[in-house]
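Have a look at the structure below, then the notes.
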Amino acid sequence: MSKPLTGKVALVTGGSRGLGAATVRLLAEQGADVAFTYVSSEKQAQAVVDEVHGKGAKAVAFRSDQADTSRAPALIDDVVAHFGGLDVLVNNAAISVAGTVDDPDADTAALDRMHATNYLGVIAVIRAASRVLREGGRIITVSSGLGSRVGAPGLADYAATKSGIERYTMGVARDLGPRNITANVVEAGLMEGGMQPPDPETLKALVGSLSLRRMGHPDEIAAAIAFLASPAASYVTGAVLDAHGGYNA
Ligand SMILES: NC(=O)c1ccc[n+]([C@@H]2O[C@H](COP(=O)([O-])OP(=O)(O)OC[C@H]3O[C@@H](n4cnc5c(N)ncnc54)[C@H](OP(=O)(O)O)[C@@H]3O)[C@@H](O)[C@H]2O)c1
C-alpha cells in the first residue's frame, strides 16, 4: 500500500471501536502517526494501539470524554506533546439515543448527553485543534445520512446533532480555507458492528431505503475518510461525501 500520509499526525475521536478503529488502522497503514480517544473501552483501545504497533506504525490512545467540552484543549495539548503537531482531525466519536419527541418516558438526560457528545463536544475539539493544525491540514467530520434526511421516526435528536455538525464544518471550511486547511463531511451509513437503531423494524426500514440494500462495512467508510485526508483531496473543501449506500439517491 502507498503511504500518502507519511509525516502526518492524525487525531481520530472515538477510535476504540467501529468506524473509528477502522479509520485509525487505515490512516496508520497509510503512514500517519495516529492519536485517538475513547471514553470507557480501555481494553479495546489498547488492542487497537497494539495492532497498529504490530504493523510497525505509531498510535496512542487518550481517555477523553467528549461530552465534557472543557477537556478539548488538554486533549489537543496531549496529542501535540506526544507526536509534535497535528495535521488531520477526524471527528468520529458519537453516541446514538433514539425516541420519539412525544415519548412521556424519554430519557432526557441521555438525550442531553448525546447533544453534548455529538454536537458541543465536536465543536470544542474543532476549536482547540484549529489553533494548532498545520498548513495543509484536514478536518473530517463523520456525520450520517440522517444529517440530511430523517428517514424514520424516533431519530429527531440524533439527526439534529449530525445536521448541526455538518453545518458547523461548512463554516469551518470558510474560516480555515485561507490557512490551506480543508474541512469536509463524510455521511456514513448503517454499519455492520457499529451503533444501531434500537428496534429491528427501524433498521429494516432504513436498510430497505438504501440503493445498495445492505449495510456498509466500517472499512468502506474509513476509505472515504482516508481519501479526504490524503493529498489527492487538496482542492476539496466544504463538501459532503456520501458513504451510505445511496440513502439519498
Ligand atoms: N454505526 C452506524 O450504523 C452509523 C451510521 C451512520 C453514522 N454513524 C456515525 O459513525 C461514527 C462512528 O459510529 P460507530 O458505529 O463506529 O460507533 P461505535 O461503534 O458506537 O463507537 C463509538 C466510538 O466513540 C467513542 N465515544 C463514544 N462516546 C464518547 C465520548 N463521550 N467521548 C469520547 N469517545 C466517545 C467510543 O468510545 P468507547 O469505546 O470508549 O465507548 C467509540 O470509540 C459516529 O459519528 C456515528 O454517528 C454510524
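Is one or more of the residues making up the range 12-30 more than 14 Å from the chain's Cα centre (by Cα), part of a loop (DSSP other than H, G, I, E, B) and surrounded by fewer than 18 Cβ atoms within 10 Å (Cβ to Cβ)? Scanning the range 12-30, I find no residue that is more than 14 Å from the chain's Cα centre (by Cα), part of a loop (DSSP other than H, G, I, E, B) and surrounded by fewer than 18 Cβ atoms within 10 Å (Cβ to Cβ), so the answer is no. Taking only the range 34-51 into account, find how many residues are buried (at least 24 other Cβ atoms within 10 Å of the Cβ) and farther than 9 Å from residue 16 by Cα. The number of residues fulfilling the criteria is 2.
A quick yes/no check of all residues on (1) within 13 Å of the chain's Cα centre (by Cα); (2) of a type in the set (D, E, K, R); (3) within 21 Å of residue 162 (Cα to Cα):
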| residue | (1), (2), (3) |
| --- | --- |
| 208 | no, no, no |
| 213 | no, yes, no |
| 223 | yes, no, yes |
| 226 | yes, no, yes |
| 237 | no, no, yes |
| 242 | no, yes, yes |
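For the range 31-40, the set of residues classified as assigned to a loop (DSSP other than H, G, I, E, B) and more than 13 Å from residue 222 (Cβ to Cβ) consists of 31, 39, 40, listed by residue number.
When the range 41-66 is examined, which residues are found to be more than 16 Å from the ligand (Cβ to nearest atom) and outside any helix (DSSP H, G or I)?
Selection gives 55, 56, 57, 58.
Based on what the data block shows, is residue 247 in contact (Cβ under 8 Å) with a residue 12 or more places away in the chain, of a type in the set (Ser, Thr, Tyr) and in a loop (DSSP other than H, G, I, E, B)? Yes. Within the range 77-121, the set of residues being of a type in the set (Asp, Glu), farther than 28 Å from residue 219 by Cβ and assigned to a loop (DSSP other than H, G, I, E, B) comprises 102, 103, 105, 107.
Only the coordinates and a few stated rules stand behind these numbers; no lab work does. Computed from a predicted structure; not experimentally measured. As a convention, Cβ positions derive from the backbone with ideal geometry for all residues, glycine included, and neighbour counts pool all protein chains shown.
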